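Below: the structure, in structure tokens.
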Amino acid sequence: MSPLDYTAKELDALMDTAADIMADPAKYSHACNGKILATLFYEPSTRTRLSFETAMIRLGGEVIGFHSADSSSATKGETVADTIRVISNFADIAAMRHPKEGAPMVAAEKSAIPIINAGDGGHQHPTQTFTDLMTIRSLKGHLDNLTFGMCGDLKFGRTVHSLINALVRYENVKFVFISPKELTLPSYIRDDVLKSKNIEFREVTRLEDVIGDLDILYMTRVQRERFFNEEDYVRLKDFYILDKKKMALAGKDMLVLHPLPRVNEISTEVDDDPRAVYFKQVKYGMYIRMALILDMLGIRVA
Ligand code: CP
């Protein structure tokens, strides 16, 4: 499952359902009675896994799963394809995070139940993208006509890759990519997604120079787990630190999003700024995952 499996119109419908759940959670509290979600997490997670689990529980369903490859039979050499054939007997739907790009897709091909990609290596993180879209639409009222600044690790950052893929389908979106030169966008995003669609974008290294032009600032963490050597990670990890001084250069309506977890890239002094919405974002994530579970199980609530 990728955000591109959903048209912009279908995504809108998904966000409408999420907004309806937010407004009237009781209406949905038994929608998944008798259904089971399996969370198959081969990589660490706090938000995504717990957000899926609470989403299913709040819909009246139940949850099984594992939260590390070490606690599964992957340690004995079992393939993802075999694991999912087994899990298909136990659950009605599964959310999978895996360090290998494409693993959830391989699983989906062998699975008798719907598989949700909960993040695969440096490739995609579709439900984070749904979360981001839901947050922006809820707080800005629209997704068209916005300038998005994406800052940090744009090379390995799967959340950024997924989000760009989804945003280019909206009208008059512009991008400013802010990264050290070692962590610029991969060419399959720059050329195949942006240039091929004639999307306006700039690539810069200094956040201070562009922050005043942005409607949305999407901060990302430099991810230690994606680096091949510690030296490069240490050199780049504190390249960007968003603090009060930089926020003073931003517009009064600019929103700061971050998929979290953060390390040093946003100073905690920014947390109380009303433009900092990364903790609200987590809540929107839970509601959009509730909507997604309903959609993938084909459950409609009147
Ligand atoms: N945003 C996100 O994927 O967070 P976790 O790694 O904690 O799931």
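When the residues of the stretch 22-66 are filtered to those that are closer than 22 Å to Arg137 by Cβ and not in a helix (DSSP H, G or I), which remaining residue is farthest from the ligand (Cβ to nearest atom)?
Taking the stretch 22-66 first, the residues closer than 22 Å to Arg137 by Cβ are 22-25, 27-28, 47-48, 51-52, 54-55, 58-59.
After this cut, where a residue has to be not in a helix (DSSP H, G or I) as well, the list is 24, 59.
Working: Asp24: 27, Leu59: 19 Å.
Result: Asp24.
Just a yes or no: is a residue in the stretch 3-14 within 16 Å of the ligand (Cβ to nearest atom) and within 21 Å of the chain's Cα centre (by Cα)? Yes, some residue in the stretch 3-14 is within 16 Å of the ligand (Cβ to nearest atom) and within 21 Å of the chain's Cα centre (by Cα).
Taken as a whole, the condition of being away from the ligand (no atom under 16 Å from the Cβ), closer than 18 Å to Asn264 by Cβ and not aliphatic (A, V, I, L, M) applies to Glu230. For the stretch 263-302, name all the residues that are acidic (Asp, Glu) and touching a His at 6+ places or on another chain (Cβ under 9 Å). Of everything in the stretch 263-302, just one residue is acidic (Asp, Glu) and touching a His at 6+ places or on another chain (Cβ under 9 Å), namely Glu265.
For the condition within 16 Å of the ligand (Cβ to nearest atom), small (Gly, Ala, Ser) and within 27 Å of Arg158 (Cα to Cα), what is the one hit in Ala95, Ala19, Ala74? Please lay out each step first, then the result.
On the way: Ala19 fails: within 16 Å of the ligand (Cβ to nearest atom); Ala74 fails: within 16 Å of the ligand (Cβ to nearest atom).
Result of the check over Ala95, Ala19, Ala74: Ala95.
Scanning the stretch 250-268 for residues that are more than 16 Å from the ligand (Cβ to nearest atom), part of a loop (DSSP other than H, G, I, E, B) and modelled with pLDDT of 95 or more gives Ala250, Gly251, Lys252, Asp253, Met254, Ser267.
Residues are listed down the side, and each one gets a yes or a no for (1) over 22 Å from the mean Cα position of the chain (by Cα); (2) surrounded by fewer than 14 Cβ atoms within 10 Å (Cβ to Cβ):
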| position | (1), (2) |
| --- | --- |
| Gly60 | yes, no |
| Asp70 | yes, yes |
| Arg85 | yes, no |
| Asp92 | yes, no |
| Lys100 | no, yes |
| Ser111 | yes, no |
| Asp120 | no, no |
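Out of curiosity, is Thr184 farther than 22 Å from Pro104 by Cβ, surrounded by fewer than 20 Cβ atoms within 10 Å (Cβ to Cβ) and either in contact (Cβ under 8 Å) with a residue 60 or more places away in the chain or in contact with a strand residue (DSSP E or B) (Cβ under 9 Å, 6 or more places away or on another chain) (or both)? Give the derivation first.
On the way: farther than 22 Å from Pro104 by Cβ: yes; surrounded by fewer than 20 Cβ atoms within 10 Å (Cβ to Cβ): yes; either in contact (Cβ under 8 Å) with a residue 60 or more places away in the chain or in contact with a strand residue (DSSP E or B) (Cβ under 9 Å, 6 or more places away or on another chain) (or both): yes.
For Thr184, the condition - farther than 22 Å from Pro104 by Cβ, surrounded by fewer than 20 Cβ atoms within 10 Å (Cβ to Cβ) and either in contact (Cβ under 8 Å) with a residue 60 or more places away in the chain or in contact with a strand residue (DSSP E or B) (Cβ under 9 Å, 6 or more places away or on another chain) (or both) - is met.
The values are calculated or read from the model by the stated rules, or taken from the named source; none is laboratory data. Predicted, not measured: the structure shown is a model, and the values here were computed from it. Here the Cβ is made from the backbone with ideal geometry for all residues, glycine too, and neighbour counts use every protein chain on show.
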